[in-house]
1. Among the candidates A:V122, A:V158, A:V116, single out the residue that is touching a Phe, Trp or Tyr at 6+ places or on another chain (Cβ under 7 Å), over 26 Å from B:P129 (Cα atoms) and of a type in the set (A, V, I, L, M, F, W, C).
2. Any idea which of A:A33, A:A77, A:A3 is over 30 Å from A:G194 (Cα atoms) and surrounded by 14 or more Cβ atoms within 10 Å (Cβ to Cβ)?
3. So how many residues does the range B:61-120 have that are closer than 21 Å to B:A20 by Cβ, touching a residue at least 12 places away in the same chain (Cβ under 8 Å) and part of a strand (DSSP E or B)?
4. Looking only at strands (runs of 3 or more DSSP E) that lie completely in the range A:145-212, which have at least 2 residues being within 14 Å of another protein chain (Cβ to nearest Cβ) and either of a type outside the set (F, W, Y) or in contact with a Gly (Cβ under 6 Å, 6 or more places away or on another chain) (or both)?
5. When you look at B:D112, is it facing another protein chain (nearest Cβ under 10 Å) and of a type outside the set (S, T, N, Q), yes or no?
6. Which one is farthest from B:W105 (Cα to Cα) among residues in the range B:22-43 that are out of contact with any Leu (no Cβ under 7 Å at 6 or more places or on another chain) and surrounded by 13 or more Cβ atoms within 10 Å (Cβ to Cβ)?
7. Just one of the numbered conditions (1) modelled with pLDDT of 80 or more; (2) outside any helix (DSSP H, G or I) is not true of A:L17; which one?
8. From the list B:A21, B:A15, pick out the single residue that is in a strand (DSSP E or B), among the aliphatic types (A, V, I, L, M), without any contact (Cβ under 8 Å) to a residue 60 or more places away in the chain and farther than 30 Å from A:Y128 by Cβ.
Amino acid sequence: MNALKPPAGAGRGCLFLFAIPWTLIACFWTAAALLGAVSMVRENGFTVWTLAFPLFGLPFIAIGVGMLWYGILPWIAGLRVSKPEVSINNTSVKVGDSFTISYSQTFKHRAEVKGVKFSLLVRETARYQSGSNTTTVHHDETAAEFDYPGQSYETGDVLAFSRSMEIPRDGMHTFQGAHNSIAWLLQVKVDVAGWPDYREEFEIQVEPAIAR
Amino acid sequence: MTNVDFQWNVQGGEASAGRAARFDPGSTVEGTVTVTPQADLNCNGIKIRLEWHTEGRGDRDRKSVDEMVAFQGVLAGGQPAVFPFRLTLPDQPWSYTGFYINILWEIVADIDLPLAINPKSHFPILLRPRAA
């Protein structure tokens, strides 16, 4: 069995770390502006313009909170379910290969799962430079997907199953260039009632050969 | 700008209507390129390269995988000169057409001229195994 791993990338962790000083500075700036506005109201009375500075800081706080929430979401989602263990029966997957995915995930707390969605997708990632900015864009194409029915899970219960999937014969192998890449991913989304969805992706290395 | 006429004759591969010929990964591509300059050309070399590059949204990735120097010296104006070539295709990357990324293979004939823009000609091919 070949254990699959999530694709490399800092992503949300870096965003979360960046969001902490951003939000703190935005809060500090807005609080200072609010104190200034209060003293101005005491001296000169209320005008609409006294609120301008404190209100200016609010969108920055909202952006900071949004980044914090986005960064912390996987951690909150992971409070109910453990990281899944995903493996495939092939040590080397070729274009056109069929393989069996074994999935196992333990529930840390009671959870009402509405459904689990698995998608086999090919992701194009293109990075380009425009002036001093570097932009990365992604495009996902779903090759196959299936749903696992929802049910209630108690603490310690395990969601486990095996399922056969196939890389299409007219598909592409994994490609890694300096600015462009093509990757095959197994995307998992566990929809827990009243709780953020648990999402995870696992990379499947597809060799440049056709399965016989 | 130097005017040069290039004529390609590439053998092998699997031809399909309206598309470039398909070649299997690991195979060889051979043929001839006929070069006819309008005037005498003193060239440092005629290089025939096998290369791929990406097109699409991302910055370009490119790699030359095989190259041969077919000729060095003076090409006579108006006289067709035929240069055979034989290049080996690698296993990857396969030709690909996607949403943001295209991977294109081609054979390039590049006349290296001193202190002038090199006349070039590109012959596109597909590198991909037969799916069925």
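The values are calculated or read from the model by the stated rules, or taken from the named source; none is laboratory data. Note that the coordinates shown come from a computational prediction; the quantities given were computed from them, not determined experimentally. In this analysis, Cβ positions are derived from the backbone assuming ideal geometry, glycine residues included, and neighbour counts consider all displayed protein chains.
1. Working: A:V122 fails: over 26 Å from B:P129 (Cα atoms); A:V158 fails: touching a Phe, Trp or Tyr at 6+ places or on another chain (Cβ under 7 Å).
Selected residue: A:V116, the only one of A:V122, A:V158, A:V116 that is touching a Phe, Trp or Tyr at 6+ places or on another chain (Cβ under 7 Å), over 26 Å from B:P129 (Cα atoms) and of a type in the set (A, V, I, L, M, F, W, C).
2. Values: A:A77 fails: over 30 Å from A:G194 (Cα atoms); A:A3 fails: surrounded by 14 or more Cβ atoms within 10 Å (Cβ to Cβ).
So the residue among A:A33, A:A77, A:A3 that is over 30 Å from A:G194 (Cα atoms) and surrounded by 14 or more Cβ atoms within 10 Å (Cβ to Cβ) is A:A33.
3. Looking only at that region, the number is 23.
4. Values: elements: A:158-166, A:180-192, A:198-204, A:206-210.
Where strands (runs of 3 or more DSSP E) fall fully within the range A:145-212 and carry at least 2 residues being within 14 Å of another protein chain (Cβ to nearest Cβ) and either of a type outside the set (F, W, Y) or in contact with a Gly (Cβ under 6 Å, 6 or more places away or on another chain) (or both), they are A:180-192, A:206-210.
5. Details: facing another protein chain (nearest Cβ under 10 Å): no; of a type outside the set (S, T, N, Q): yes.
So B:D112 fails the test.
6. If we take residues in the range B:22-43 being out of contact with any Leu (no Cβ under 7 Å at 6 or more places or on another chain) and surrounded by 13 or more Cβ atoms within 10 Å (Cβ to Cβ), then B:T36 is farthest from B:W105 (Cα to Cα).
7. (2)
8. On the way: B:A21 fails: without any contact (Cβ under 8 Å) to a residue 60 or more places away in the chain.
B:A15 is the lone residue from the list that is in a strand (DSSP E or B), among the aliphatic types (A, V, I, L, M), without any contact (Cβ under 8 Å) to a residue 60 or more places away in the chain and farther than 30 Å from A:Y128 by Cβ.
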